[in-house]
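Each remark here refers to the structure printed beneath this line.
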Amino acid sequence: AKALPGEGDETAVALARGSLIHRLLEELAPLPADQRAARGAGLIAGTDDGAACLVESLAVLDAPALAPILGAEALVEVALSGEWCGRTMWGVIDRLIVASDSVLAIDFKSNRVVPAGPSDVPEGLLRQMGAYSHLLGAIYPGRRIETALLWTAGAVLMPLDPEATAAALRRAALDPDAVAS
């Protein structure tokens, strides 16, 4: 489960909306602020809910507190894979910031309902971020691995507790449906 009660969208609609917001954030972030709206208008042409997605994406890009994770120093759409519980895991991290002593993995979430705090984050998202943390720990041994969710509704960056994400990943090992999907 990756959504909170009250989301309201069908899965296909939510996925299309999320894909469009991800694309807008990826393609508009490198542009000067005064060029983003025009370029975004071209990207949303003919899409359902495109105007609302563009407004949401521009709000994220215009948030001063988010500039460091959306800037040129961040790695974008980082694919990674590795082993967990005897199975191969893979994923794509939306933004990765690598420093000499730490690594920060950020995943964009376009859910319409934003949790009140990290303790309200859906289990599926905690497992996802736990998996990223596990994989990054193998790639960057000795560095502090941090994860956060960027909720595009409201432009909220929510750091996650490493123990909470690790515990969610451990719970997935006990859930046969989690390792099969």
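For beta carbons closer than 8 Å, sequence separation of 6+ or different chains, a first residue in segment 34-50 that is of a type in the set (Val, Ile, Thr) and a second that is surrounded by 14 or more Cβ atoms within 10 Å (Cβ to Cβ), the qualifying pairs are Ile44/Leu20; Ile44/Leu24; Ile44/Gly50; Ile44/Cys53; Ile44/Leu54; Thr47/Ala16; Thr47/Leu20; Thr47/Cys53. Of all residues in segment 118-135, exactly one satisfies the criterion of being modelled with pLDDT of 95 or more and outside any helix (DSSP H, G or I), namely Val121. Within segment 132-153, does at least one residue satisfy the condition of being farther than 26 Å from Gly71 by Cβ, touching a residue at least 40 places away in the same chain (Cβ under 8 Å) and touching a helix residue (DSSP H, G or I) at 6+ places or on another chain (Cβ under 9 Å)? For segment 132-153, residues farther than 26 Å from Gly71 by Cβ, touching a residue at least 40 places away in the same chain (Cβ under 8 Å) and touching a helix residue (DSSP H, G or I) at 6+ places or on another chain (Cβ under 9 Å): present. Looking at segment 112-147, which of the residues that are under 22 Å from Glu83 (Cα atoms) and touching a Pro at 6+ places or on another chain (Cβ under 8 Å) is surrounded by the most Cβ atoms within 10 Å (Cβ to Cβ)? Step by step, filter segment 112-147, then rank; the result is Thr147.
Within segment 12-35, the set of residues being open to solvent by less than 70 Å² (accessible area, probe 1.4 Å) and not in a helix (DSSP H, G or I) comprises Ala29, Leu31, Pro32.
If you scan segment 48-64, which residues turn out to be part of a helix (DSSP H, G or I) and over 18 Å from Ala14 (Cβ atoms)?
Taking segment 48-64 as the starting set, the residues that turn out to be part of a helix (DSSP H, G or I) are 50-62, 64.
Leu58, Ala59, Leu61, Asp62, Pro64, listed by residue number.
Checking the conditions here, which among Ser110, Ser102, Ser119 is more than 25 Å from Leu15 (Cα to Cα) and among the polar types (S, T, N, Q)?
On the way: Ser110 fails: more than 25 Å from Leu15 (Cα to Cα); Ser119 fails: more than 25 Å from Leu15 (Cα to Cα).
Selected residue: Ser102, the only one of Ser110, Ser102, Ser119 that is more than 25 Å from Leu15 (Cα to Cα) and among the polar types (S, T, N, Q).
Restricting segment 75-111 to residues that are touching a residue at least 60 places away in the same chain (Cβ under 8 Å) and part of a loop (DSSP other than H, G, I, E, B), the residue that is most open to solvent (accessible area, probe 1.4 Å) is Cys85.
Conditions (1) in contact with a helix residue (DSSP H, G or I) (Cβ under 7 Å, 6 or more places away or on another chain); (2) of a type in the set (Asp, Glu), marked per residue:
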| residue | (1), (2) |
| --- | --- |
| Asp101 | no, yes |
| Phe108 | yes, no |
| Pro115 | no, no |
| Met129 | yes, no |
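The values are calculated or read from the model by the stated rules, or taken from the named source; none is laboratory data. Keep in mind the model is a prediction, meaning the values are calculated, not measured. For neighbour counting, all protein chains shown are included, and Cβ atoms are generated from backbone atoms with ideal geometry for every residue, glycine included. Calculation scope for accessible area: heavy atoms of the full protein, side chains included, ligands and nucleic acids excluded. Shrake-Rupley method; radii C 1.70, N 1.55, O 1.52, S 1.80 Å.
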